[in-house]
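> Have a look at this one before I ask anything.
The values are calculated or read from the model by the stated rules, or taken from the named source; none is laboratory data. Only a predicted model underlies this, so the values are computations on that prediction, with no experimental measurement involved. Here the Cβ is made from the backbone with ideal geometry for all residues, glycine too, and neighbour counts use every protein chain on show. Remember, those area values only see protein heavy atoms, side chains included, never the ligands or the DNA or RNA. Shrake-Rupley method; radii C 1.70, N 1.55, O 1.52, S 1.80 Å.
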Amino acid sequence: MADSHSHRIETRAVHAGQQPDPSTGAVIPPVYLTSTYVQQGVGEHQGYEYSRTDNPTRRALEAQLASLEAGSHGIAFASGMAAISTMLQTLDAGDHVICVNDVYGGTWRLFSQVLPRHASLSFTFLSLQDLAELEEAIRPSTRLVWVETPTNPQLNVIDIPAVAAITAGRGIRLAVDNTFATPVLQQPLTLGADVVVHSLTKYLGGHSDVVGGALVTSDDELAADLRFLQNAVGAIPGPMDCWLVSRGIKTLPLRMERHGANAAALAGMLAERDDVEQVIYPGRADHPHHELAMRQMSSGGGMLSFVPAGGVERARAIVEGTTIFRLAESLGGVESLIELPGAMTHLTLEGSELAVAPELVRISAGIEHVDDLLADLAAALDAAPVQATAGAG
Ligand SMILES: Cc1ncc(COP(=O)(O)O)c(C=O)c1O
């Protein structure tokens, strides 16, 4: 079978869940833009009743996602946040969650500002670098450990097998948000995670034209609950969005190669400059978690962050000064993006203990020619010399 787990990821990305249409032979599975399905008699149907519950285009995407992550069940949602909030709805009142403290701002907002309104859940935020601290934080009521690796935007790397060794067999599920690495670089289920989380909006969709999310697991009991919640809560993606993500996934392995090569080259260029204080890229030997990153990821990925000399005013001038890199939130698309997380994607963390340094610049390296990207970023740095911007803010 073309979607067998035994095939390489490049083959699975193209074929998993993508059987030709049996009625016409169309190579590409159709977009089933339908909300309901005719029944031959009461309760007699071909497996589909209503599109919140199930839809063939969504099924095709879900099979593709499960195969990519080496899981048994893929469950798609309307956004990454919809996937995350549905996962949190598997918990019971009184349950405790431990979450990595350098987490995507939207996840932190959901955990700290939304769920406490109606669900008596408690959360502990930890770096997860110190495993003894994790062990100490576990309570009898701990049911979930939430990891993002690499983290957004500090690109810290968390040791998935080491965390899994602590959570396993204790009734604690380990969720790993794999949005940054993608299954091409890292497959958390094979490293001991119980569920993988994705914002499909990013690399999997890959073209900045769709918002979506997913959960993938091989735990049948969890999958059954998630399927129940997918229908009961209803945060589902539409068929057209599912189709766009399916199409994007087919080139994911190819794109990740270029994203990674471009990110590594940009990080190298920045590290050579005297007007850059720090470059953060897990693929570089000077990254504090480089060895771990190379153990559990097959490359450093397409994201990098850096701290320019000259403070926040210079950082602002740089991100506003590029012409190929677009100043925008989000990541993982074919076009290079640049932003200031402290004032944009992670503004929601301002004033909290998780706040991001205001001068940190985040880059999502696209798939353009590396020379054009290097020249564009260098020109933006040159156009904002340290002396000219120092003290301006
Ligand atoms: C790591 C990570 N997880 C989850 C999300 C949320 O995904 P979405 O924006 O699709 O809801 C994001 C969004 O930026 C993210 O970066």
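> Any idea what diffusion coefficient the range 9-250 gets from Stokes-Einstein, in µm²/s, Kirkwood Rh on alpha carbon pairs, 25 °C, 0.890 mPa s? Before the final figure, lay out each step's value.
Values: Rh = 18.4 Å.
Taking Rh from Cα pairs, D becomes 133 µm²/s.
> I would also like to ask the following. Work out how much length residue 36 to residue 209 would gain on full extension: take 0.36 nm times their residue separation and subtract the Cα-Cα distance, in nm to one decimal.
Using 0.36 nm per residue and subtracting the Cα-Cα distance, I get 59.7 nm.
> Something else now. Please state the Cα pair-distance histogram of the range 70-195 with 5 angstrom bins from zero: what percent is in each bin?
All Cα pairs, binned at 5 Å, distribute as 2, 10, 22, 26, 23, 13, 3, 0 percent.
> So what is the relative contact order of the chain, in percent, for Cα pairs below 8 Å that sit 6 or more residues apart?
Values: 810 pairs, mean separation 63.1, N = 393.
Once divided by the residue count of the chain, the mean separation gives 16 percent.
> Please compute the per residue accessible area over the range 9-250 with all protein chains in place, 1.4 Å probe, rounded to a whole number of Å².
On a per-residue basis, the range 9-250 sits at 38 Å².
> Which one of 249, 107, 285 has its Cα pushed farthest toward the positive end of the charge dipole of the chain, where Lys and Arg give +1 and Asp and Glu give -1 at the Cβ?
Value: 249.
> Here is a follow-up. Are there GluC sites (Glu not before Pro) in the range 43-146 that DSSP puts in a loop and that have at most 12 other Cβ atoms within 10 Å, and which ones?
When the GluC sites (Glu not before Pro) of the range 43-146 are filtered for loop state and at most 12 Cβ neighbours within 10 Å, nothing remains.
> When ligands, DNA and RNA are left out and all protein chains stay put, how many square angstrom of accessible area per residue does the range 253-389 have with a 1.4 Å probe?
41
> Now, a different point. Only four residue types carry charge here, +1 at the Cβ of Lys and Arg and -1 at the Cβ of Asp and Glu. Report the dipole size of the range 245-391 about the Cα centre in Debye, rounded to the nearest 20.
620
> Only sites in a loop by DSSP and with at most 14 other Cβ atoms within 10 Å count here; which trypsin sites (Lys or Arg not before Pro) in the range 124-213 make the cut?
170
> Positive end of the charge dipole of the range 9-250 (Lys, Arg +1 and Asp, Glu -1 on Cβ, about the Cα centre): tell me which of 141, 9, 162 has its Cα farthest that way.
My answer, from the dipole projection, is 9.
> If one takes the longest principal axis of the Cα atoms in the chain, at what angle in degrees, from 0 to 90 and to the nearest 10, does the Cα axis of helix 239-250 lie?
The angle comes out at about 60 degrees.
> Separation between the residue 109 and residue 132 pseudo-spin-labels, each 7 Å from Cα along Cα→Cβ, expressed in nm?
For residue 109 paired with residue 132, the spin-label model returns 3.8 nm.
> Between residue 123 and residue 53, what is the spin-label point distance in nm, taking each point 7 Å from the Cα along the Cα→C-beta axis?
3.4
> So, one more: Is the shape of the range 253-389 rounded, prolate or oblate, going by the alpha carbon gyration tensor and its root eigenvalues a ≥ b ≥ c, with a/c under 1.5 for rounded and a/b larger than b/c for prolate?
Numbers: a/c = 1.44, a/b = 1.21, b/c = 1.20.
Taking the square roots of the gyration eigenvalues as a ≥ b ≥ c, the range 253-389 is rounded.
> Quick check: the angle from helix 220-233's long axis to the longest principal axis of the chain, C-alpha only, nearest 10 degrees?
Approximately 90 degrees, to the nearest ten.
> Based on alpha-carbon positions alone, could you give the equivalent ellipsoid semi-axes of the range 177-258 from the gyration tensor, as √(5λ), descending, whole Å?
22, 18, 8
> If I compute solvent accessible area with a 1.4 Å probe over the protein chains, what percent of it on the chain is carbon and sulfur? Don't skip to the end; give the middle numbers.
Details: 8320 of 16020 Å².
Answer for the chain: carbon and sulfur cover 52 percent of the accessible area.
> Any chance you could give the angle, 0 to 90 degrees and rounded to 10, that helix 252-271 forms with the longest Cα principal axis of the chain?
Compared with the principal axis, the helix lies near 20 degrees.
> Ranked by accessible surface with a 1.4 Å probe, highest first, in what order do 67, 218 come?
Reading off the accessible areas and sorting them downward yields 218, 67.
> Still on this structure, I have one more. If you keep only loop residues by DSSP, which GluC sites (Glu not before Pro) in the range 260-337 have at most 10 other Cβ atoms within 10 Å of their Cβ?
Here the GluC sites (Glu not before Pro) that fit, given the DSSP loop and packing criteria, are 272.
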